[in-house]
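Working notes for the structure below.
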Amino acid sequence: MPITYETVCSALVTILVLILYVAMGARVGRMRGKHNVAAPATAGHPEFERAFRVHMNTLEQLIIFLPLLWLATFFYRGIAWLPAVLGLLFLFGRLIFMQRYMADPKTRGPGILLGVVSYVGLLILTIIGIVQDWTVFSA
């Protein structure tokens, strides 16, 4: 993949998302210490459990998000910055998810919704891009 404006934007979004993920992991470690939850335990104080679930749920989401971000970046030939903007939407969704889940897990919905909008948008861009390329190759 050549280095282009789109790839640099998506690379920066990837770095920001991974920094957030590392920060979430550090929070889990702090909560382990604060609440004396010895590894490898994954249950204990509710604050630790919420931090642990935020971190693990984000890992589960990264498996979907990162491939879609890069597939959309590679294939989509429309508005160059659109995959990265959808990536930022995912990042903000994860931040909102983390803040709300830590305060009250029942209020996590808006963060989840932003993530789903991001995935669906990236999936649509990827499909559009593949169809664009398919028509070029089949001509």
Residues that are within 15 Å of the chain's Cα centre (by Cα), more than 18 Å from Met56 (Cβ to Cβ) and not polar (S, T, N, Q), drawn from region 10-39 | Ala11, Leu12, Val13, Ile15, Leu16
Top-ranked residue of region 5-54 - restricted to ones that are surrounded by 14 or more Cβ atoms within 10 Å (Cβ to Cβ) and of a type in the set (Phe, Trp, Tyr), ranked as nearest to Arg108 (Cα to Cα) = Phe52
Taking Ala80, is it touching a helix residue (DSSP H, G or I) at 6+ places or on another chain (Cβ under 6 Å) and surrounded by fewer than 18 Cβ atoms within 10 Å (Cβ to Cβ)?
-> yes
Evaluate the following for Leu18: is it touching a residue at least 12 places away in the same chain (Cβ under 8 Å) and assigned to a helix (DSSP H, G or I)?
-> no
Would you call Ile19 more than 18 Å from Leu123 (Cβ to Cβ) and at pLDDT below 95?
-> no
Pick out the one residue from Arg108, Arg100 that is crowded, with 19+ Cβ neighbours inside 10 Å and more than 13 Å from Gln61 (Cα to Cα).
-> Arg108
Where Phe92 falls short, out of the listed (1) surrounded by fewer than 18 Cβ atoms within 10 Å (Cβ to Cβ); (2) in contact (Cβ under 8 Å) with a residue 24 or more places away in the chain; (3) of a type outside the set (Gly, Ala, Ser) | (2)
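The values are calculated or read from the model by the stated rules, or taken from the named source; none is laboratory data. Since this is a predicted model, take the numbers as computed values, not measurements. Note that we place each Cβ from the backbone using ideal geometry, even for glycine, and neighbour counts take in every protein chain shown.
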